[in-house]
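Everything below concerns the one structure shown next.
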Amino acid sequence: AEEAAEEAAEEAAEEAGSAYDAALGPMGKSMRRKLAAALEPARLTVHDDSAAHRGHVGVRGAGSPETHFKVEVVAAAFEGMPRLQRQRMVQELLREEFAAGLHALETACRTPVEERRVAAAAAAKAAPAAAARAGG
């Protein structure tokens, strides 16, 4: 049952990634391709948050309208790496995008084991609230 749940979660993540791709511009799509090819992630989310930062001093005159992104990567490639090394790896993979106007990148880089822990903690936290709403 646990394996089926994991497979369903992976399929949902892939579908969500496809939906995100449709909303991404050229830079976002390039970021997604590079990260997917280099890290072979179990889950990859690339979210363009640029609209929330239009007109800010740091991005005025930027060469691209795509300036701010949030990236969530779950990959076995991060096993044994400290958080800073993971973030630097992602930034290095995206050096061309930074040169082309990427101004800010928020990252969450986890291993599959860490992702399962995060999901389990979120489920445990949500369970009492769900029981309370159900009247139990």
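Taken together, the values in this text are just the output of simple stated rules run on the coordinates, not laboratory data. In this text the structure is predicted, and so the values were computed from the model without any measurement. Note that each Cβ is placed from the backbone with ideal geometry, even for glycine, and that neighbours are counted across all protein chains shown.
Going 7 Å from the Cα of Ala37 toward and past its Cβ, which residues in the stretch 74-95 have a backbone nitrogen under 12 Å from where you end up?
Zone members listed by number: 94.
Amide H neighbours of Thr107 under 5 Å, counting only residues 5+ apart in sequence or on other chains, H built in-plane at 1.01 Å?
Long-range HN contacts for Thr107: Val71.
For the stretch 77-127, place one equal point scatterer on every Cα, skip the solvent, and apply the Debye formula. What is log10 of I(q)/I(0) at q = 0.21 Å⁻¹?
Taken in order of the listed q values, log10 I(q)/I(0) reads -0.80.
Pulled fully out, how much extra length does the chain show between Glu106 and Leu93, if you take 0.36 nm times their separation in residues and subtract their Cα-Cα distance?
Computed gain between Glu106 and Leu93 is 3.3 nm.
If the cut-off is 20 Å between C-alpha atoms, which lysines fall inside it for Lys70, apart from same-chain ones fewer than 8 positions away?
Straight-distance partners of Lys70: Lys29, Lys34.
Tell me, what ³J(HN,Hα) does each residue in the stretch 90-100 have, in order and in whole Hz, if you take phi through Karplus 6.51 cos²θ - 1.76 cosθ + 1.60 with θ = phi - 60° and put x for Gly and Pro?
5, 4, 5, 4, 10, 4, 5, 5, 4, 5, 8
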